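Inspection log for the structure reproduced underneath, given as structure tokens.
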Amino acid sequence: MDDCDKIWHLFAKSLNKEISPEENEQLLAILKEDASLSQQYELLTRIWNEGPVDTSGESQTDEVVSKIIRKAGAATIAGNFQSSRWNRSRFTMMIAASLAVFVVAWWGLGIGRTTRKTLAETSQRQLITQKGSRSRFLLPDGTVVWLNSGSKLALENDFSGASREVRLEGEAYFNVTRQPGRPFIVHTSGINIKVLGTVFNVKAYAEDKNIETTLYKGSVKVFRENEPEASAINLSRNEKLVLSRTEPDVETRAGTRAPAVNPAFTIIPLDSTKQENERFETAWLYSRLEFRGDDFDALARKLERWYNITVVFTDDEVRKLNFNGSFEKETAEQAFTALQAALPRFSYKINNQEVTVSSMK
């Protein structure tokens, strides 16, 4: 039994509560050493605990693996394999492949899809999360990335050279596998974020005014794509960088206007006493939409991505209303009802996936 096969064998036995004390110690040691495997095991455990699945007639280990796959959205995978029953060795080989992408999209808004395609088999080498869902991916180097709704991540290279580079549109949370001498670089919205091994969140939706990089572990360098790395902004643990999309002009000695050498930015310290699931910046990882002082225009963009809806304002005055709060299990209609109760200065109508918002007359 090779190492990968052994890991999944331990996963299966643990989930089925048939693991021995010795095997449990082995599993705990493995999870302690590999953060990405630990996160994957945690997610599989959540899926496993969702409820029973009938798999009568299958061998013990295959039964467990089959349950996991079915609860992670197995219909898509089963269709790809043209088989009603998963073979453990196939599953292990898929996970073990150096370019394998293992996707489990299991969040509060429903079960997403899983895929067995390797990045090498995907012509665009793109990972996409539709509006209304969030997804988890395992990159070729072992880096784990979560994509928020309406986001896209494209691999800029094959991760086999001197650097590992990706291009992001939207929002993503990265847990980067450390590889000395081979930096991990995120290109997004005209900036580069360079790291070695670290945990950070990047929010760079095209419709947002600012780009945010929140660092939880390690260190990162952030610099404009058209500027040298020497001009980078260095970010330390538990800090958030808020960077304006546009570079402010400065007046030169000749009295003309020219782009500023250093773009406008703010570094905000985070409250390090907060637990991981309490953080505002990554609440979406825990299926929670949080907003603080957002005007209705900005909040509408978040709601559109969260619920896969379209918000239409009939006048500009209603766009200026401000809100604080959070949504977790609420439907789109419940969310708008709650917003109206908190600030009864607008009305709304829902027609399929379109919400029309108007000022109260």
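For the range 123-226, applying the loop criterion from DSSP together with a ceiling of 10 other beta carbons within 10 Å to the trypsin sites (Lys or Arg not before Pro) yields 209. Here the 3J(HN,Hα) profile of the range 317-330, calculated from phi with Karplus coefficients 6.51, -1.76 and 1.60 at θ = phi - 60°, is 4, 5, 5, 7, 4, 10, 9, 10, x, 7, 10, 10, 9, 5 Hz, Gly and Pro shown as x.
This ranking places 158, 271 by how few other beta-carbon atoms lie within 10 Å of each, fewest first, which gives 271, 158. With a/c under 1.5 counting as rounded, go ahead and sort the range 288-359 into rounded, prolate or oblate using the C-alpha gyration tensor (a ≥ b ≥ c being the square roots of the eigenvalues; past the cut-off, prolate if a/b is larger than b/c, else oblate). In terms of gyration-tensor shape, rounded.
Ranked for footprinting exposure by Cβ neighbours inside 10 Å, fewest first, 9, 187 give 187, 9. At R0 = 56 Å, how high is the FRET efficiency between residue 20 and residue 292 if r is their beta carbon distance? Nearest 0.05 is fine. For R0 = 56 Å, the calculated efficiency reads 0.70. Among the GluC sites (Glu not before Pro) in the range 157-236, those located in a DSSP loop and surrounded by at most 13 other Cβ atoms within 10 Å of their own Cβ are 207, 225. One decimal place: the segment residue 237-residue 225 gains 2.0 nm when fully extended, by the rule 0.36 nm per residue minus the C-alpha distance. Restricting the count to DSSP beta bridges whose residues both fall in the range 288-359, what percent are antiparallel, rounded to a multiple of 5? Close to 75 percent. In this simple spin-label model, placing a label point 7 Å from the Cα along the Cα-to-Cβ direction at both residue 266 and residue 358 gives a separation of 3.6 nm. Label separation (residue 345 vs residue 33): 5.9 nm, computed from points 7 Å beyond Cα along the C-beta direction. The phi torsions of the range 12-19, fed into the Karplus equation with coefficients 6.51, -1.76 and 1.60 and a -60° offset, translate into couplings of 4, 5, 5, 4, 8, 6, 10, 7 Hz, rounded to whole numbers, with Gly and Pro shown as x.
All of the numbers you see were taken from the coordinates with simple rules; none came from a lab. Please read all numbers here as calculations on a predicted model, not as lab measurements. Quick reminder, even Gly has a Cβ in these numbers, built from the backbone with ideal geometry, and neighbours come from all protein chains shown.
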